[in-house]
Each structure stands twice: as C-alpha cells, then as structure tokens.
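The values are calculated or read from the model by the stated rules, or taken from the named source; none is laboratory data. From a predicted model like this one, the values you see are computed outputs, not experimental measurements. Note that each Cβ is placed from the backbone with ideal geometry, even for glycine, and that neighbours are counted across all protein chains shown. Accessible surface areas use protein heavy atoms only, side chains included; no ligands, DNA or RNA. Shrake-Rupley method; radii C 1.70, N 1.55, O 1.52, S 1.80 Å.
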Amino acid sequence: MTVIRFRASQDQEVDLARTYDAVVVGSGAAGGMAAHVLTSQGMKVLLLEAGKKVPIEQELRSMEWPYDHPRRGEAPPGYHAIRFNEYNVRQPPYATKSAFKHVFSYVGGWGGSDYVKNILVDEKDHPYTGTRYAWVRARLLGGKTNIWGRLALRLSDYDFKGKTHDGYGEDWPISYADIEPYYDKVDLYLGISGHKENLPHLPDSLFQRPNKLTAAEVTLRKSLATMGRTLTPYRAGVTTDGVKNRYRSKCFGRGACGRRPGGCDIHAAFDSPTGLIYPAMDTGNLTLRTNSVAHEVLVDPNTGKARGISFVDAQNHKTYEAKAKVVILAASTLESARLLLLSKSRQHPNGIGNSSGHVGHNFCEHVMGPGVTGLVKELVGAEPTLDDGKPGGFYVPRFRNLQDKQPGFIRGYGFEGGAGFSIFPDSAWNTPGFGGQFKKSVREHAGAFISMGGFGEVLARYENYMDLDPAVKDAWGIPVLRFHYQFSDNEKKMCEDMANAGKEMFEAAGIEVVGVDKNILTEGWSIHELGTARMGTDPKTSVLNQFQQSHDVKNLFVVDGSSHVSASCQNPTWTIMALAWRSCEHLADEFKRGNL
Ligand SMILES: Cc1cc2nc3c(=O)[nH]c(=O)nc-3n(C[C@H](O)[C@H](O)[C@H](O)COP(=O)(O)OP(=O)(O)OC[C@H]3O[C@@H](n4cnc5c(N)ncnc54)[C@H](O)[C@@H]3O)c2cc1C
Ligand code: SF4
C-alpha cells in the first residue's frame, strides 16, 4: 500500500515589497502548470489564488459509505442547487432574492452535495448577468481540478486545423506536432490511464493501465468496430500505475470520484495542488497567497507593460499590490477575460491586451444533453460483478465530419458513457412495482443497463461574448460578467443527430433501447468554457500569439482555456495543461534572454 505524505509547513513568506520574477493568477489546471514549469526553470513565482486552501481530504471523504452520512451525501438544510428549469425559466443572477441561505450551481445534484458545499462558489456572493448560463465555479486552491470528471483527451489536427478541413472559423496558430511533446510531458508527469486505439482524430497518450470495460461495454465495443467506430475505456487523468510524486497515490479503484462530483482524497485522480503546486513549492521557488482576489493587471505608465496585480484580500476586503516582471493570468476562461476587461488604463482603454476588441468574444464550449439508455437482455439476472470500482466508464470518439460531410452541421461530437453494477442502481427510480417483487426486479436488472450522452463542439462565433455588467458587482465590489451567448442552429442540428446516432448504435449492438433523451441542456452545462482571448497570428483578430503571450503587452500571458481558438469536442483540460507547459517553457527562455 502506498503511503501519501502530506505537506509539511514549508510555505514561503509572502513579501509584497518584493518584485517577483512572475505572478500567476489562479491555481487550477492552468495556474498550477504555470507554477510548476516556471519554478522548475528557477524563476521566483508568486501564485495568487482567490479562494481558500480547503482541507480537501476532509471534504471529499471518498471512503464514506452513503449510509454513514446523515443525509446520504445531501447538503444541509438551507443549501440549494439551481435546477435545470430555474436556469432556463429565470434569468441570471439566479441567486438574487432566493429564500435559501446558500445557492450553488447544479453540479452537486438537485439537493446539493455535502461533499462540494465548501468547494463550489456560493452564487449569492458571485452573481453574473445577461443570457441564461449554467456557470460552475470552484474558488479554492486547485479550482475545478478538485472535482473534475477526469476525462483526459488530446486534440488532433482535425481540431487545430479545423478551418483548413471545413472552411469555418480560424485555424490555431499551432499544429498537433507543436503540442505533441508537451502532451507527452503532461502524461508522464501526471499519469493517464487508457488504451491505445491509433485514431488520427483522437491521438493516443502515453497510457498507464486502462480501466477494464464491463460486459455490456464490451458488447457495444465489438458492434461499433463493425461500423468503423470505437468504444475505448475512459481515458482518465488518473495514475493507475503510480507517478513519482509524494503527495499522490495510485488508484485503488474505489470509484468514489464518480460520486456526483466526487474528487479523489488519495489524489490518484489529478488535482492541481498535489499534482503541481506542492511539488513546485518544494523547489523553494514558489510563494502562495490564497484569499487573494485579483481585479486588475497593473500597468507601468511609461512603458505600457504589466507591472503586477492589484488584488482584494477575500477576508479583510483590503486592497494590495503584487509586483512582478511577468504577469500570467490563469483564472479560468471567463475569469481571465473578466480580468483583462477590468484592467483599463490610459494605455489600454478597452482593457489590457484588447486592442483587437476580441477579449470576451469567440466564446465556445461543448453542447450536451442528448443521450441514450439501453438494456442488455443477456445480462438480466447475471451474478453481480464489481463494475464501478474504477475512475470512469467509456468514451466513443467523434465519427462525424471526418471523411464524411454531414448535411445539417459541421464538426463533431463524442459520447461519454458507462454500464454495469453501481453502488446504487439508478434504474430503481423507474422500476415499477412494490415490495419483494420490486426488489427482485431491481436486483436482476441492476447490471444490465448501459447509457451514454454526447458532448458536441460549439462553434466559436464573435457574436457569442461576455462583457462587464455596468451595474452589478460581486461581494468584493468587483464588476461581474454579463453573458451574451446562445447555441446556434449548428449545435441544434448536431444534437438531433447525437440522439439518433446513439439509438442506432445501441440497436445495431442488439441492445434494447429503453430511453432516448433529445433535450439540450442549458448553455454552460458542460463546464468546458473556452475561447475568450484566442490565439492567432493576426493581432487584429486575436488576443494572444501561439505562446499565449499578449500581442499588445509582451510580458503578459494568458495560459488557460481562454486562448483556445475552437472548442473541438474533446474535453479540454489536458490540452490546457500541455499548452501552458509549452508557453511557460518559452516564457522562461525569453525571460532568461531579457526579452520580456
Ligand atoms: C464537475 C466537473 C467535471 C469536469 N470534467 C472534466 C473532464 O472530464 N475533462 C476535462 O477535460 N475537464 C473537465 N472539467 C473542466 C476542468 O475542471 C477545467 O477544464 C479545468 O479545471 C480548467 O482549469 P483552469 O485552471 O482554467 O480553471 P480552474 O480549475 O477553474 O482554476 C481557476 C482558478 O483561478 C481562481 N481564480 C478565479 N478568479 C480569480 C481571481 N480574480 N483572482 C485570483 N484567483 C482567481 C479560481 O479560484 C480557481 O482556483 C470538469 C469540471 C467540473 C467542475
Ligand atoms: S477510483 Fe481511483 S481515482 Fe477514483 S476515487 Fe478511487 S482511487 Fe481515486
């Protein structure tokens, strides 16, 4: 058994009189990676994180059985998670006038989850306005990586060169060959579990031991192969064989990370604090200041260059300045755009780095909702097997608009799914009957269900954007984001196809289709927000160059998903980290040469 060692107190003293080599804003996947790469290159880095350092193992309690919790995992009275209908019928800010003391995004489940009540933001303190949007935020050390879904996928040149392929939007200023070595570095440093498939549109990673497929998943995999499609074990950002990192253990296969956002208290699943930040602190080059809400990139009036960050202490509400030679924003796609827009000065009247007017624009993400549920009849009454003791089910990669051309839509979608026995058989909710017969039926069918849901690419469009609300402010007096965003016809047509194709694939595999969901979930539901400060070669139509460096301000970098040019349909976190690694290596080189 691996013993995990938790951090001794070796935090560097924060010294706001000092000028650091670099200040990084945000400690999630992007900020953690920036801290790791820059400190390993010998740079002295100050990391500002708006949230607290939460004793995460005590929150997640991955070993707790549902019956050991007084409310079976539900949040306490007074806590409310926003429901699907609320998102659609009402307008943001959703928590205004709510009778509940605390209001959270949907992600913990309708009653709210006790395990994430100190991880997700309270919407009462963090309003936003404009068009409907389900915005999930985690303000704490490590951000959303504490509870992410772990599906770790690479993008391919079908994504990086999307415009060349189908004529829409813009190509990225990099190709797969540029980023491949950095995907490899991320795989090796953090660990990823999966199975090689040799697909040009979903490149393989350097995998550790894959998760085993269940019987129903094997049935579907075999059938899809005859259609030229693939079902592969969940590519999980989880170390199954172990990595050299004293803060993490290899996966014990408890499946708790799948508990409506679950997290992993032994850190087999990647999270930024144990995967990146604590090792960076061990170099002696990283200083961390939590409870530090950045609200402006400070500018040198003589040079127009960035000179640091102005931030509010989340607890005492006082304003401070952090000085640095290089500023790196990694506050997440929407928060980094907000920061750029908030940073208005004489030299940068539209917000720093925004001479193009593209900051906040070209927003893109994934559309989801349509899915299918089926019953594998041969498995009804089968002996129970341990199916959910693993960090994920399966993934069906994109198969549309690769060699073919769909009439109704461009780009593609993939499916995430799972099958087999689980800690609680969801089918119990829909099983008719009472008493002994009901229980028998639930038990007999518990391992025979299979389901999957689609994640499709939302096209990046200039008209989909966020700006600052002129009136509404958050609990720290900082203007909030206002959304101007909705799905287009392309996404709607793609969703129709998702539902039909899912049904078709189950039928072809001889799986009885028991449910087809055609509804599209609210904008934002995928939690894969991207593209508000895109990279490009033309400073008139893009915000950053290929190294996520501002076209306007050479010592300003934005290393999170805001830099993505298009959304792909593959989940973004592994790409966010590979890109950040590449950019920060370049940054460190330029810094050493005195070019910043
Ligand atoms: C339930 C769930 C499931 C997910 N599943 C997947 C998945 O399967 N695969 C996948 O690829 N992705 C998944 N994601 C998305 C993934 O978590 C994000 O892509 C990733 O965390 C983005 O990293 P980031 O650093 O940009 O943002 P974050 O992880 O959100 O980190 C941003 C950090 O910046 C801090 N911050 C924000 N504003 C400020 C400020 N003004 N000053 C200082 N600090 C600030 C925040 O507190 C936070 O700590 C999932 C997310 C959730 C919540
Ligand atoms: S299955 Fe693995 S990654 Fe998931 S909670 Fe258990 S140990 Fe962690």
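Can you name every residue in the stretch 169-224 that is small (Gly, Ala, Ser) and either within 24 Å of residue 378 (Cβ to Cβ) or open to solvent by less than 10 Å² (accessible area, probe 1.4 Å) (or both)? Correct list: 191, 193, 194, 205, 215, 216, 223.
Filtered by the rule that a residue be of a type in the set (D, E, K, R) and either surrounded by fewer than 22 Cβ atoms within 10 Å (Cβ to Cβ) or assigned to a strand (DSSP E or B) (or both), the stretch 540-585 gives 540, 552, 554, 585.
What number of residues in the stretch 305-319 are within 12 Å of ligand 1 (Cβ to nearest atom) and either within 21 Å of residue 585 (Cα to Cα) or open to solvent by 60 Å² or more (accessible area, probe 1.4 Å) (or both)?
0
Can you tell me which residue in the stretch 152-168 is surrounded by the most Cβ atoms within 10 Å (Cβ to Cβ), limited to those that are among the small types (Gly, Ala, Ser) and more than 16 Å from ligand 2 (Cβ to nearest atom)?
For the stretch 152-168, the residue satisfying everything is 162.
Restricting the search to the stretch 291-301, which residues are in a loop (DSSP other than H, G, I, E, B) and either away from ligand 1 (no atom under 11 Å from the Cβ) or closer than 20 Å to residue 43 by Cα (or both)? Steps first, please.
In the first step, residues of the stretch 291-301 are kept if they are in a loop (DSSP other than H, G, I, E, B); the result is 291, 300-301.
Within the stretch 291-301, 300, 301 meet the criteria.
Set side by side, the residues 524, 454 differ, and just one is over 20 Å from residue 399 (Cβ atoms) and either of a type outside the set (A, V, I, L, M) or surrounded by 14 or more Cβ atoms within 10 Å (Cβ to Cβ) (or both), which is 524. Any chance the stretch 302-322 includes a residue that's more than 23 Å from the chain's Cα centre (by Cα), assigned to a helix (DSSP H, G or I) and not acidic (Asp, Glu)? Within the stretch 302-322, none of the residues are more than 23 Å from the chain's Cα centre (by Cα), assigned to a helix (DSSP H, G or I) and not acidic (Asp, Glu).
Within the stretch 39-61, the set of residues being of a type outside the set (Val, Ile, Thr) and within 15 Å of ligand 1 (Cβ to nearest atom) comprises 46, 47, 48, 49, 50, 51, 52, 53, 59, 60. Of all residues in the stretch 163-177, those that are in a loop (DSSP other than H, G, I, E, B) have Cβ atoms under 7 Å from Cβ atoms of residues that are among the acidic types (Asp, Glu), 6 or more apart or on another chain, in 175/157. Does the stretch 282-294 include one or more residues that are open to solvent by less than 10 Å² (accessible area, probe 1.4 Å) and within 30 Å of residue 403 (Cα to Cα)? No; the residues of the stretch 282-294 include none that is open to solvent by less than 10 Å² (accessible area, probe 1.4 Å) and within 30 Å of residue 403 (Cα to Cα). Here residue 278 meets the list (1) away from ligand 2 (no atom under 16 Å from the Cβ); (2) aromatic (Phe, Trp, Tyr); (3) in a loop (DSSP other than H, G, I, E, B) almost entirely, failing just condition (3). Checking 351, 357 one by one, the residue that is free of Cβ contacts under 8 Å to residues at least 24 places away in the same chain and either within 16 Å of ligand 1 (Cβ to nearest atom) or under 24 Å from the mean Cα position of the chain (by Cα) (or both) is 351 and no other.
Can you tell me which residue among 254, 248, 235, 260 is in contact (Cβ under 8 Å) with a residue 40 or more places away in the chain and within 8 Å of ligand 2 (Cβ to nearest atom)? Working first, answer last.
Details: 248 fails: within 8 Å of ligand 2 (Cβ to nearest atom); 235 fails: within 8 Å of ligand 2 (Cβ to nearest atom); 260 fails: within 8 Å of ligand 2 (Cβ to nearest atom).
Among 254, 248, 235, 260, only 254 is in contact (Cβ under 8 Å) with a residue 40 or more places away in the chain and within 8 Å of ligand 2 (Cβ to nearest atom).
Take residue 262 and tell me if it is outside any helix (DSSP H, G or I), open to solvent by less than 10 Å² (accessible area, probe 1.4 Å) and at pLDDT below 95. The answer is yes for residue 262. Restricting to the stretch 269-287, give me the number of residues that are within 15 Å of ligand 1 (Cβ to nearest atom) and within 20 Å of residue 240 (Cα to Cα). Of the residues in the stretch 269-287, 8 are within 15 Å of ligand 1 (Cβ to nearest atom) and within 20 Å of residue 240 (Cα to Cα). If you go through the stretch 196-224 and keep only what is of a type in the set (S, T, N, Q) and either within 14 Å of residue 417 (Cα to Cα) or out of contact with any Asp or Glu (no Cβ under 8 Å at 6 or more places or on another chain) (or both), you end up with 211, 214, 219, 223. Sub-8 Å Cβ pairs linking a first residue in the stretch 477-503 that is closer than 21 Å to residue 530 by Cβ to a second residue that is part of a helix (DSSP H, G or I) and modelled with pLDDT of 95 or more, at least 6 apart or interchain, are 480/338; 481/334; 481/337; 481/338, ordered by first then second residue.
Somewhere in the stretch 320-327, is a residue within 15 Å of ligand 1 (Cβ to nearest atom) and either modelled with pLDDT under 95 or of a type in the set (D, E, K, R) (or both)? Scanning the stretch 320-327 turns up at least one residue that is within 15 Å of ligand 1 (Cβ to nearest atom) and either modelled with pLDDT under 95 or of a type in the set (D, E, K, R) (or both). Taken as a whole, the structure places residue 272 among residues that are within 16 Å of ligand 2 (Cβ to nearest atom) and open to solvent by less than 10 Å² (accessible area, probe 1.4 Å). Within the stretch 235-254, being open to solvent by 20 Å² or more (accessible area, probe 1.4 Å) and within 16 Å of ligand 1 (Cβ to nearest atom) holds for one residue alone: 251.
Here residue 435 clears all of (1) touching a residue at least 24 places away in the same chain (Cβ under 8 Å); (2) surrounded by fewer than 19 Cβ atoms within 10 Å (Cβ to Cβ) except the condition numbered (1). Restricting the first member to the stretch 128-156 and to residues that are of a type in the set (Ser, Thr, Tyr), and the second to residues that are within 16 Å of ligand 2 (Cβ to nearest atom) and open to solvent by 20 Å² or more (accessible area, probe 1.4 Å), the beta-carbon pairs closer than 8 Å and six or more apart or on different chains are 145/573.
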